Amino acid sequence: MQYLRSFLPWIVVSILVGSFDARLGLGAGLVVALALIGYQRAGGRPWDAQVVEISATLFFAVATAVACAAPDSAFVEDYASAGSSLWLAMTAWGSLAVGRPFTLGIARTSVPSEHWNTPLFLSVNKAITAVWAAAFTVTGAGSALLHRYQPDSGGARTALTIAGIVLPILFTIRYPDIARSRFLAPRQTAAAPQDHTK
């Protein structure tokens with residue numbers, strides 16, 4: 001649920017852009033991103049748990065300004081949704097490149113602090129961030145290609161956007177338990193009492 005809330009500005013924009021004026025959709029995304037940051041900061045959520053929200057604010061501020069400066073630009077109208085996914089992809093890949101996966105801050109809000117600096121915790125978050133980054137890349141590139149070569153494929157682009165959020169959320173929910181089980185399995189085997197009667 002934390003991830004779904006973080007992506008609320010992007011979801012709002014993906015719904016509004018294409019159905020309404022791009023300036024309205026992008027502006028709404030900016031307002032939602034700012035409101036979300038304010039609400040979460042008031043609730044004590046740390047800055048490093050709001051990388052997606054901060055990224056959204058930056059993207060939608062610039063995109064809204066561009067859309068207002070060139071209101072008749074078909075490029076803004078047609079590719080705003082794809083551009084937002086590719087921006088998220090750059091955010092995610094960039095966080096991996098600097099060794100600070102964007103999911104770390106989010107995970108720390110629900111994981112005891114004694115686990116924050118363990119290799120397993122970092123490894124799990126690297127994997128989860130990589131899956132999100134790949135999903136954003138596929139969603140953005142796929143949306144742009146569909147629009148370019150199949151302009152009437154609005155339903156396919158919407159389905160791609162939904163899959164690009166739902167599938168990484170499911171992976172994020174399931175993968176930590178899988179990784180933990182794999183990590184603990186060799187240790188449990190080694191610690192098991194040996195039967196010397198055989």
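The values are calculated or read from the model by the stated rules, or taken from the named source; none is laboratory data. Worth saying up front: this structure is predicted, and the values here are computed from it rather than measured. Every residue, glycine among them, receives a Cβ derived from its backbone with ideal geometry; neighbour counts consider all protein chains shown. Keep in mind that these areas ignore ligands, DNA and RNA; they rest on the heavy atoms of the full protein, side chains included. Shrake-Rupley method; radii C 1.70, N 1.55, O 1.52, S 1.80 Å.
I need a count of the residues in the range 39-74 that are open to solvent by 40 Å² or more (accessible area, probe 1.4 Å) and in a helix (DSSP H, G or I).
The number of residues fulfilling the criteria is 15.
Going through the range 1-36 one residue at a time, which ones are open to solvent by 20 Å² or more (accessible area, probe 1.4 Å) and either within 30 Å of Trp116 (Cβ to Cβ) or of a type in the set (D, E, K, R) (or both)?
Met1, Gln2, Tyr3, Leu4, Arg5, Leu8, Ile11, Asp21, Arg23, Val32, Leu34, Ala35
Regarding Ala80, is this residue open to solvent by less than 30 Å² (accessible area, probe 1.4 Å), part of a helix (DSSP H, G or I) and in contact with a Ser or Thr (Cβ under 8 Å, 6 or more places away or on another chain)? Give the derivation first.
On the way: open to solvent by less than 30 Å² (accessible area, probe 1.4 Å): yes; part of a helix (DSSP H, G or I): yes; in contact with a Ser or Thr (Cβ under 8 Å, 6 or more places away or on another chain): no.
When the stated conditions are applied, Ala80 does not pass them.
Got a number for residues in the range 154-168 being β-branched (Val, Ile, Thr) and exposed (fewer than 15 other Cβ atoms within 10 Å of the Cβ)? Steps first, answer last, please.
Looking only at the range 154-168, we keep the residues that are β-branched (Val, Ile, Thr), and these are 158, 161-162, 165-166.
If we keep only those that are exposed (fewer than 15 other Cβ atoms within 10 Å of the Cβ) too, we end up with 162, 166.
Residues in the range 154-168 being β-branched (Val, Ile, Thr) and exposed (fewer than 15 other Cβ atoms within 10 Å of the Cβ): 2 in total.
Could you tell me whether the range 129-144 includes any residue that is under 19 Å from Gly83 (Cα atoms), surrounded by fewer than 18 Cβ atoms within 10 Å (Cβ to Cβ) and over 12 Å from the mean Cα position of the chain (by Cα)?
Yes, the conditions are met somewhere in the range 129-144.
Quick check on this structure: which one of Ile37, Ile54, Ile106 is under 24 Å from Ala141 (Cα atoms) and under 17 Å from the mean Cα position of the chain (by Cα)? Working first, answer last.
Working: Ile37 fails: under 24 Å from Ala141 (Cα atoms); Ile106 fails: under 24 Å from Ala141 (Cα atoms).
Residue meeting the stated conditions: Ile54.
If you check Thr189 against the conditions, is it in a helix (DSSP H, G or I), of a type in the set (S, T, N, Q) and at pLDDT below 90?
On the way: in a helix (DSSP H, G or I): yes; of a type in the set (S, T, N, Q): yes; at pLDDT below 90: yes.
Against the criterion (in a helix (DSSP H, G or I), of a type in the set (S, T, N, Q) and at pLDDT below 90), Thr189 qualifies.
From the list Leu160, Leu122, Leu146, Leu88, pick out the single residue that is in contact with a Leu (Cβ under 9 Å, 6 or more places away or on another chain) and either within 19 Å of Leu8 (Cα to Cα) or not aliphatic (A, V, I, L, M) (or both).
Details: Leu122 fails: either within 19 Å of Leu8 (Cα to Cα) or not aliphatic (A, V, I, L, M) (or both); Leu146 fails: either within 19 Å of Leu8 (Cα to Cα) or not aliphatic (A, V, I, L, M) (or both); Leu88 fails: in contact with a Leu (Cβ under 9 Å, 6 or more places away or on another chain).
Unique residue meeting the criteria: Leu160.
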